[in-house]
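Every read-out reported here was derived from the displayed coordinates using simple, explicitly stated rules and does not represent laboratory data. From a predicted model like this one, the values you see are computed outputs, not experimental measurements. When we count neighbours, we look across all protein chains shown, and the Cβ atoms used for this are built from the backbone with ideal geometry, even at glycine.
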Amino acid sequence: MPSLPYRGRFAPSPTGPLHLGSMLAAFGSWLLARHAHGQWLVRIEDIDPPREVPGAADLQLATLAAFGLQADEPVQYQSRRHALYQAASAQLLVQGKAFHCHCSRADLAGQHGIHRQCVASQQRPQPAIRLRVNDGSRIRFDDALQGSITQDVDREVGDFVLLRADGYWAYQLAVVVDDAEQQISHVVRGADLVDSTPRQILLQQALGVPTPAYLHLPLLLGTDGHKLSKSLAAMPVDTNAPLPVLRWLWAALGQNPATLHSATSVADLLQHAAAGFEPSRLQKESRIVAGSPPA
Ligand code: GLU
């Protein structure tokens, strides 16, 4: 059987400039796609206007360009794909796999925010839509780096939101619909999203779409072995000095620094990086990064 063509992606939310953590996901997903001779796409996840910063999407794309990370297809914007999310949620509602829900956060506080049945104290003008998560919904998957991951989605997450009560589509629905529609075969992203993956697999099963392969990149750790402070990890990368940042990210991905020593331009560095990338050097556990990130 011919194997599916490799299609990876980087999917930033335009909530601010790209920082070291997001650039690790961008560079890591690009490297794995290049290594597999596959395609690498960029999708702007702009479905949450209250959290968006005007101009951030353009800035993120300009940063990717400055780092030489070019998408192989036109950039997609989730804000232009509502019809797809609408169709998916309608399908789930018709099939009884999703339901309208009037519960508020306060209603669910008594059960640690986990929805198992509706306990709404009053009707909302516009209800949310949740996926029905059946009892015993245990999801297990093999992450290419983090290993076997298991989550009891019913007990740990509960019926989760697909359309928010404020009328915006939830990340979980949009990401699953888009990964399927764009035929993404490999999802490579930050370790902070590992906990979302079982929900996404459950949703893929409900929608009858394929489950891609997953690889969650290592968390960035400081030399002291602790997670990089929020402020450090959230530091915007300097688009005027892409080479030191790319070298730093390369080391954070466990790669041999010598591979990039001779590079004098971004294009040159990326060529060496694509040719010399060794997925087996990625750390299973969180990676301790020597030296401080480039300022
Ligand atoms: N848009 C999400 C974020 O920026 C990432 C989505 C994904 O890679 O699945 O956190």
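This table checks each residue for (1) surrounded by 10 or more Cβ atoms within 10 Å (Cβ to Cβ); (2) assigned to a loop (DSSP other than H, G, I, E, B).
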residue: 107; (1), (2): yes, no
residue: 110; (1), (2): no, no
residue: 118; (1), (2): yes, yes
residue: 122; (1), (2): no, yes
residue: 126; (1), (2): yes, yes
residue: 130; (1), (2): yes, no
residue: 135; (1), (2): no, yes
residue: 141; (1), (2): yes, no
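Mind checking which residues of region 14-60 are without any contact (Cβ under 8 Å) to a residue 60 or more places away in the chain, within 14 Å of the ligand (Cβ to nearest atom) and part of a loop (DSSP other than H, G, I, E, B)? If the condition is that a residue be without any contact (Cβ under 8 Å) to a residue 60 or more places away in the chain, within 14 Å of the ligand (Cβ to nearest atom) and part of a loop (DSSP other than H, G, I, E, B), then 14, 15, 46, 52, 53 are the ones that fit. Residues that are small (Gly, Ala, Ser), part of a helix (DSSP H, G or I), away from the ligand (no atom under 11 Å from the Cβ) and in contact (Cβ under 8 Å) with a residue 12 or more places away in the chain are absent from region 146-165 altogether. Take the residues in region 192-218 that are within 12 Å of the ligand (Cβ to nearest atom) and in contact with a Ser or Thr (Cβ under 9 Å, 6 or more places away or on another chain), then tell me which one is nearest to residue 26 (Cα to Cα). Here the residue is 217. Of the candidates 11, 98, 66, 88, the single residue that is in contact (Cβ under 8 Å) with a residue 12 or more places away in the chain and within 12 Å of the ligand (Cβ to nearest atom) is 11.
Taking region 88-99 as the range and being surrounded by 13 or more Cβ atoms within 10 Å (Cβ to Cβ) and more than 25 Å from residue 40 (Cβ to Cβ) as the test, the residues that pass are 89, 91, 92, 93, 97, 98, 99.
Return yes or no: is residue 162 touching a helix residue (DSSP H, G or I) at 6+ places or on another chain (Cβ under 9 Å), surrounded by 14 or more Cβ atoms within 10 Å (Cβ to Cβ) and closer than 30 Å to residue 278 by Cα? No, not satisfied. Residues of region 179-191 that are within 9 Å of the ligand (Cβ to nearest atom) and either part of a helix (DSSP H, G or I) or of a type in the set (S, T, N, Q) (or both): 179 alone. Within region 61-98, the set of residues being farther than 30 Å from residue 269 by Cβ and either in contact with a strand residue (DSSP E or B) (Cβ under 6 Å, 6 or more places away or on another chain) or part of a loop (DSSP other than H, G, I, E, B) (or both) comprises 81, 85, 89, 92, 95, 96, 97, 98. When residue 150 is tested against the conditions (1) within 21 Å of residue 210 (Cα to Cα); (2) surrounded by fewer than 17 Cβ atoms within 10 Å (Cβ to Cβ); (3) over 21 Å from the mean Cα position of the chain (by Cα); (4) polar (S, T, N, Q), the lone failure is (3).
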